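Structure record follows, encoded as C-alpha coordinates.
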Amino acid sequence: MPASQFAGKIGAHFGDSIIESVIWPGITPTAKIAQRTGMTITNCGGGGTRMANHAANYDKFSFYRLADAIASGDFSQQIAAATVIGGTFPAIAARMASVDYSLLDYLIPSFGTNDFTGAGPTCPIGTNADITGATFKGAINYGIQTIMTARPNLKLIFTTPIWRTLDGTAGGAGSQLIDYANAMLEVCALNRCQWSICTAAASSTSSTTFIGWVLETELTPTILDRT
(Lines give C-alpha, C1' and ligand atoms only; values in the text may rest on other atoms or scores of the structure.)
Protein backbone atom coordinates (compact mmCIF):
# COMPACT_ATOMS: atom_id res chain seq x y z
CA MET A 1 0.00 0.00 0.00
CA PRO A 2 1.80 3.19 -1.12
CA ALA A 3 2.23 5.68 1.68
CA SER A 4 0.62 8.35 -0.52
CA GLN A 5 -2.77 6.70 0.07
CA PHE A 6 -2.50 7.78 3.72
CA ALA A 7 -1.35 11.33 2.98
CA GLY A 8 -3.59 13.99 4.48
CA LYS A 9 -5.56 11.49 6.57
CA ILE A 10 -6.14 11.81 10.32
CA GLY A 11 -5.23 9.07 12.77
CA ALA A 12 -5.00 8.27 16.47
CA HIS A 13 -2.44 5.78 17.77
CA PHE A 14 -3.30 3.89 20.98
CA GLY A 15 -0.85 1.60 22.72
CA ASP A 16 1.61 1.00 25.54
CA SER A 17 5.00 2.49 26.46
CA ILE A 18 6.48 1.42 23.12
CA ILE A 19 4.09 3.87 21.45
CA GLU A 20 4.39 6.58 24.10
CA SER A 21 8.19 6.50 24.26
CA VAL A 22 10.84 8.24 22.20
CA ILE A 23 12.73 5.26 20.79
CA TRP A 24 14.45 7.18 18.01
CA PRO A 25 16.45 10.28 18.91
CA GLY A 26 13.71 12.84 19.45
CA ILE A 27 10.86 10.93 17.81
CA THR A 28 8.20 8.37 18.81
CA PRO A 29 6.93 5.47 16.68
CA THR A 30 3.75 7.49 16.12
CA ALA A 31 5.71 10.42 14.78
CA LYS A 32 7.80 8.12 12.58
CA ILE A 33 4.66 6.54 11.08
CA ALA A 34 3.22 10.02 10.47
CA GLN A 35 6.46 11.07 8.83
CA ARG A 36 6.45 8.07 6.51
CA THR A 37 2.77 8.15 5.59
CA GLY A 38 1.85 11.83 5.55
CA MET A 39 -0.90 11.26 8.10
CA THR A 40 -1.57 13.56 11.05
CA ILE A 41 -1.59 11.19 14.04
CA THR A 42 -2.33 11.88 17.71
CA ASN A 43 -0.15 9.82 20.05
CA CYS A 44 -2.42 8.26 22.71
CA GLY A 45 0.07 5.69 24.02
CA GLY A 46 0.43 5.08 27.75
CA GLY A 47 2.97 2.96 29.59
CA GLY A 48 1.80 -0.37 30.97
CA THR A 49 -1.52 -0.47 29.13
CA ARG A 50 -3.13 -3.58 27.67
CA MET A 51 -5.65 -4.83 25.17
CA ALA A 52 -7.59 -6.74 27.86
CA ASN A 53 -8.35 -6.44 31.54
CA HIS A 54 -5.97 -4.64 33.86
CA ALA A 55 -5.77 -3.65 37.50
CA ALA A 56 -7.85 -0.79 38.93
CA ASN A 57 -7.47 2.55 37.14
CA TYR A 58 -5.19 1.19 34.42
CA ASP A 59 -8.14 -0.85 33.19
CA LYS A 60 -9.74 2.35 31.91
CA PHE A 61 -6.86 2.58 29.43
CA SER A 62 -7.21 -0.98 28.12
CA PHE A 63 -8.41 -1.16 24.52
CA TYR A 64 -11.75 -2.73 25.35
CA ARG A 65 -12.51 0.15 27.77
CA LEU A 66 -11.20 2.74 25.33
CA ALA A 67 -13.55 1.31 22.69
CA ASP A 68 -16.54 2.49 24.74
CA ALA A 69 -15.04 5.96 25.04
CA ILE A 70 -14.20 6.13 21.32
CA ALA A 71 -17.72 5.02 20.43
CA SER A 72 -19.37 7.60 22.69
CA GLY A 73 -16.76 10.36 22.59
CA ASP A 74 -16.86 10.44 26.41
CA PHE A 75 -13.44 10.06 28.05
CA SER A 76 -14.51 11.16 31.53
CA GLN A 77 -13.61 7.76 33.02
CA GLN A 78 -10.12 7.94 31.54
CA ILE A 79 -9.64 11.51 32.76
CA ALA A 80 -10.71 10.53 36.29
CA ALA A 81 -8.49 7.44 36.33
CA ALA A 82 -5.54 9.44 35.02
CA THR A 83 -5.64 11.78 38.02
CA VAL A 84 -5.17 8.75 40.29
CA ILE A 85 -2.44 7.11 38.19
CA GLY A 86 -0.59 10.39 37.77
CA GLY A 87 2.65 10.75 35.80
CA THR A 88 2.04 11.31 32.11
CA PHE A 89 -1.50 9.91 32.20
CA PRO A 90 -3.42 13.19 32.72
CA ALA A 91 -1.82 14.51 29.51
CA ILE A 92 -2.51 11.21 27.73
CA ALA A 93 -6.17 11.28 28.71
CA ALA A 94 -6.43 14.90 27.60
CA ARG A 95 -5.00 14.01 24.18
CA MET A 96 -7.46 11.14 23.83
CA ALA A 97 -10.36 13.42 24.67
CA SER A 98 -9.13 16.11 22.27
CA VAL A 99 -9.55 13.88 19.18
CA ASP A 100 -12.69 14.40 17.12
CA TYR A 101 -13.52 10.75 16.44
CA SER A 102 -16.26 11.70 14.00
CA LEU A 103 -13.54 13.07 11.70
CA LEU A 104 -10.95 10.35 12.30
CA ASP A 105 -9.87 8.26 9.31
CA TYR A 106 -7.67 5.66 11.04
CA LEU A 107 -7.44 4.21 14.53
CA ILE A 108 -4.23 2.28 15.28
CA PRO A 109 -4.34 -0.05 18.32
CA SER A 110 -0.84 -1.33 19.25
CA PHE A 111 -1.23 -3.47 22.36
CA GLY A 112 -0.21 -6.96 23.43
CA THR A 113 3.15 -6.99 25.15
CA ASN A 114 1.68 -6.15 28.57
CA ASP A 115 -1.11 -8.68 28.06
CA PHE A 116 1.65 -11.24 27.50
CA THR A 117 3.68 -10.31 30.59
CA GLY A 118 0.67 -9.35 32.74
CA ALA A 119 0.04 -10.56 36.26
CA GLY A 120 -2.65 -9.47 38.72
CA PRO A 121 -4.77 -10.04 36.67
CA THR A 122 -3.31 -12.24 33.98
CA CYS A 123 -4.55 -11.93 30.39
CA PRO A 124 -5.26 -15.34 28.86
CA ILE A 125 -5.64 -15.49 25.09
CA GLY A 126 -9.13 -17.00 25.27
CA THR A 127 -11.32 -18.19 22.40
CA ASN A 128 -12.63 -16.67 19.18
CA ALA A 129 -16.12 -16.55 20.71
CA ASP A 130 -15.09 -14.38 23.66
CA ILE A 131 -16.60 -10.89 23.71
CA THR A 132 -15.39 -9.38 27.01
CA GLY A 133 -12.19 -7.88 28.33
CA ALA A 134 -11.47 -10.98 30.41
CA THR A 135 -9.37 -12.44 27.56
CA PHE A 136 -7.12 -11.06 24.84
CA LYS A 137 -9.31 -12.32 21.99
CA GLY A 138 -12.43 -11.15 23.78
CA ALA A 139 -11.06 -7.65 24.20
CA ILE A 140 -10.26 -7.41 20.49
CA ASN A 141 -13.68 -8.74 19.52
CA TYR A 142 -15.42 -6.33 21.85
CA GLY A 143 -13.30 -3.37 20.76
CA ILE A 144 -13.76 -3.93 17.04
CA GLN A 145 -17.48 -4.54 17.27
CA THR A 146 -18.12 -1.62 19.63
CA ILE A 147 -16.14 0.87 17.57
CA MET A 148 -17.37 -0.29 14.16
CA THR A 149 -21.00 -0.26 15.28
CA ALA A 150 -20.71 3.35 16.44
CA ARG A 151 -18.27 4.56 13.77
CA PRO A 152 -18.59 2.36 10.66
CA ASN A 153 -16.47 4.65 8.48
CA LEU A 154 -13.45 4.47 10.78
CA LYS A 155 -10.65 2.17 9.60
CA LEU A 156 -8.77 0.09 12.18
CA ILE A 157 -5.07 -0.71 11.73
CA PHE A 158 -4.00 -3.27 14.34
CA THR A 159 -0.28 -3.87 14.82
CA THR A 160 0.90 -7.03 16.52
CA PRO A 161 3.25 -6.81 19.52
CA ILE A 162 6.86 -6.48 18.48
CA TRP A 163 9.70 -8.93 18.96
CA ARG A 164 11.45 -8.60 22.32
CA THR A 165 14.02 -10.53 24.36
CA LEU A 166 11.22 -12.40 26.19
CA ASP A 167 9.94 -13.86 22.91
CA GLY A 168 10.01 -17.66 23.15
CA THR A 169 9.26 -17.72 26.87
CA ALA A 170 5.94 -18.16 28.65
CA GLY A 171 4.21 -15.02 29.91
CA GLY A 172 1.89 -14.40 32.84
CA ALA A 173 -0.93 -16.56 31.47
CA GLY A 174 1.38 -19.28 30.16
CA SER A 175 1.33 -18.34 26.45
CA GLN A 176 4.20 -16.98 24.38
CA LEU A 177 4.33 -13.54 22.78
CA ILE A 178 3.99 -15.07 19.32
CA ASP A 179 0.69 -16.59 20.46
CA TYR A 180 -0.69 -13.12 21.20
CA ALA A 181 0.48 -11.83 17.83
CA ASN A 182 -1.17 -14.71 16.00
CA ALA A 183 -4.33 -14.39 18.10
CA MET A 184 -4.65 -10.75 17.08
CA LEU A 185 -4.34 -11.56 13.38
CA GLU A 186 -6.85 -14.39 13.70
CA VAL A 187 -9.49 -12.31 15.47
CA CYS A 188 -9.03 -9.39 13.08
CA ALA A 189 -9.62 -11.74 10.16
CA LEU A 190 -12.70 -13.26 11.77
CA ASN A 191 -14.13 -9.79 12.33
CA ARG A 192 -13.26 -8.89 8.74
CA CYS A 193 -11.37 -5.95 10.17
CA GLN A 194 -10.24 -3.97 7.17
CA TRP A 195 -6.63 -3.48 8.19
CA SER A 196 -4.10 -5.53 10.09
CA ILE A 197 -0.32 -5.21 10.09
CA CYS A 198 1.92 -8.06 11.13
CA THR A 199 5.05 -6.74 12.85
CA ALA A 200 8.11 -8.66 13.94
CA ALA A 201 6.56 -10.81 16.65
CA ALA A 202 4.53 -12.70 14.07
CA SER A 203 7.75 -14.58 13.28
CA SER A 204 9.08 -16.27 16.39
CA THR A 205 12.57 -16.43 14.90
CA SER A 206 12.72 -12.80 13.80
CA SER A 207 15.11 -10.36 15.44
CA THR A 208 13.70 -7.42 13.52
CA THR A 209 12.41 -4.63 15.72
CA PHE A 210 9.62 -2.11 15.26
CA ILE A 211 12.30 0.47 14.48
CA GLY A 212 13.59 -1.49 11.51
CA TRP A 213 10.08 -2.34 10.37
CA VAL A 214 9.02 1.29 10.17
CA LEU A 215 12.27 2.53 8.70
CA GLU A 216 12.89 -0.16 6.13
CA THR A 217 9.47 -1.31 4.89
CA GLU A 218 6.37 0.28 3.50
CA LEU A 219 3.08 0.07 5.35
CA THR A 220 1.65 -3.06 3.74
CA PRO A 221 -1.53 -3.99 5.59
CA THR A 222 -3.51 -7.11 4.85
CA ILE A 223 -6.82 -5.87 3.47
CA LEU A 224 -9.87 -7.77 4.71
CA ASP A 225 -13.03 -6.37 3.17
CA ARG A 226 -15.74 -5.83 5.80
CA THR A 227 -18.50 -5.64 3.20
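Assorted remarks:
- Output for the stretch 160-185, where each listed residue is of a type in the set (Val, Ile, Thr), open to solvent by 10 Å² or more (accessible area, probe 1.4 Å) and modelled with pLDDT of 70 or more: 162, 169, 178
- Those helices (runs of 4 or more DSSP H) of the stretch 1-109 in which 3 or more residues are within 26 Å of residue 142 (Cβ to Cβ) and either open to solvent by 50 Å² or more (accessible area, probe 1.4 Å) or out of contact with any Pro (no Cβ under 8 Å at 6 or more places or on another chain) (or both) occupy 29-37, 63-72, 76-85, 89-98.
- Top-ranked residue in the stretch 127-147 [being under 15 Å from the mean Cα position of the chain (by Cα) and of a type in the set (A, V, I, L, M); ranked as surrounded by the most Cβ atoms within 10 Å (Cβ to Cβ)]: 140
- Flag: residue 92 does not match the condition of being among the aliphatic types (A, V, I, L, M) and at pLDDT below 95.
- Qualifying positions in the stretch 136-161 - touching a residue at least 24 places away in the same chain (Cβ under 8 Å), part of a loop (DSSP other than H, G, I, E, B) and polar (S, T, N, Q): 160
- Residue check, residue 42 under 15 Å from the mean Cα position of the chain (by Cα), closer than 25 Å to residue 134 by Cβ and at pLDDT 90 or above: no
- Check on residue 188, in a loop (DSSP other than H, G, I, E, B), among the hydrophobic types (A, V, I, L, M, F, W, C) and open to solvent by less than 10 Å² (accessible area, probe 1.4 Å): no
The values are calculated or read from the model by the stated rules, or taken from the named source; none is laboratory data. All of these numbers come straight from a predicted model, not from anything done at the bench. In this analysis, Cβ positions are derived from the backbone assuming ideal geometry, glycine residues included, and neighbour counts consider all displayed protein chains. Calculation scope for accessible area: heavy atoms of the full protein, side chains included, ligands and nucleic acids excluded. Shrake-Rupley method; radii C 1.70, N 1.55, O 1.52, S 1.80 Å.
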